1. On the given criteria, is residue 200 of a type in the set (A, V, I, L, M, F, W, C), within 17 Å of the chain's Cα centre (by Cα) and in a helix (DSSP H, G or I)?
2. Restricting attention to segment 189-201, which residues are surrounded by fewer than 18 Cβ atoms within 10 Å (Cβ to Cβ) and either touching a Phe, Trp or Tyr at 6+ places or on another chain (Cβ under 8 Å) or not hydroxyl-bearing (Ser, Thr, Tyr) (or both)?
3. For segment 123-145, which positions are over 24 Å from residue 191 (Cα atoms) and buried (at least 17 other Cβ atoms within 10 Å of the Cβ)?
4. At pLDDT below 90 and farther than 20 Å from residue 138 by Cα: is that true of residue 181 in this structure?
5. Mind checking which residues of segment 147-183 are over 19 Å from residue 86 (Cβ atoms), open to solvent by 70 Å² or more (accessible area, probe 1.4 Å) and over 19 Å from the mean Cα position of the chain (by Cα)?
6. Taking interchain pairs and intrachain pairs at least six residues apart, which have beta carbon atoms under 8 angstrom, with the first residue in segment 122-137 and closer than 13 Å to residue 56 by Cα and the second open to solvent by less than 50 Å² (accessible area, probe 1.4 Å) and acidic (Asp, Glu)?
7. Can you pull out the residues in segment 25-41 that are at pLDDT 90 or above and part of a helix (DSSP H, G or I)?
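The values are calculated or read from the model by the stated rules, or taken from the named source; none is laboratory data. Every value quoted in this text rests on a predicted model; they were computed, and no experiment measured them. Every residue, glycine as well, gets a Cβ built from its backbone with ideal geometry; the counts of neighbours run over all protein chains shown. For accessibility, only protein heavy atoms count, side chains too; no ligands or nucleic acids. Shrake-Rupley method; radii C 1.70, N 1.55, O 1.52, S 1.80 Å.
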Amino acid sequence: MERPLSPRAQAKKKQICEAAKKLFLELGFAATSMDAVSREAGVSKQTLYGYYDGKEALLVDVLEQLIQNLAQERFFALPEPLADRMQLREALKQIAEAVVTSLMQVEYLALVRVIISESPRFPRLGQLFRTTVPEQMLKRVSSLMRQAKERGLAQFPDAESAARMFVGPLLTYVLLDGLFAPATQPQAPSSQQIEAVVDLAMKAMAVECV
């Protein structure tokens with residue numbers, strides 16, 4: 001079990017992480033060396049390798065820190081136990097708003113572009129990104145769906161499929177109006193568009209009356 005870092009060590013690790021993020025965004029993953037990170041962070045290579053054993057570990061930390069900073073745990077947090085379909089709808093709406101707000105931040109989209117461009121040369125980058133973002137998001141939404149089904153508030157074959165059905169339309173906004181939009185002008189969906197996605201999901205999961 002790893003010992004918790006001291007406040008000083010946490011600050012040093014954050015300093016290194018911020019330097020790596022800056023270089024990844026400016027130069028790309030392939031062109032960023034550990035030497036460059038060391039210089040940008042103002043630390044020795046010995047200090048750098050004391051926290052990270054390579055660029056992949058740095059990228060994972062950059063992704064995780066970015067998620068924490070942008071989402072502030074909103075988008076991975078599970079709501080209180082659901083009592084009725086109105087609460088289910090509100091929970092889905094909150095998740096949808098958090099997802100698009102978080103994933104359409106300019107800095108986040110820029111980092112995703114770096115990962116996409118570098119993945120053909122570094123296939124593991126795609127897997128690292130998948131485990132730090134999409135899988136966590138689907139896991140949380142699946143848990144919500146499972147709770148809704150267990151409480152008789154929704155009906156569907158399995159929770160993961162229901163989660164993908166709900167998240168998929170949101171990601172089209174992230175993809176088309178964020179990732180493929182001008183670098184500084186992502187267009188997040190309006191509250192009406194988000195509610196339309198939520199309402200379609202609610203109708204798709206409607207419980208049949210007996």
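1. no
2. 192, 193, 195, 196, 199, 200
3. 125, 128, 129, 132
4. In short, yes.
5. Within segment 147-183, 157, 182 meet the criteria.
6. Correct list of pairs: 125/118.
7. 34, 35, 36, 37, 38, 39, 40, 41
For every residue, the table says whether it meets (1) modelled with pLDDT under 85; (2) not in a helix (DSSP H, G or I).
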residue: 109; (1), (2): no, no
residue: 113; (1), (2): no, no
residue: 124; (1), (2): yes, no
residue: 128; (1), (2): yes, no
residue: 135; (1), (2): yes, no
residue: 139; (1), (2): no, no
residue: 145; (1), (2): no, no
residue: 149; (1), (2): no, no
residue: 152; (1), (2): no, yes
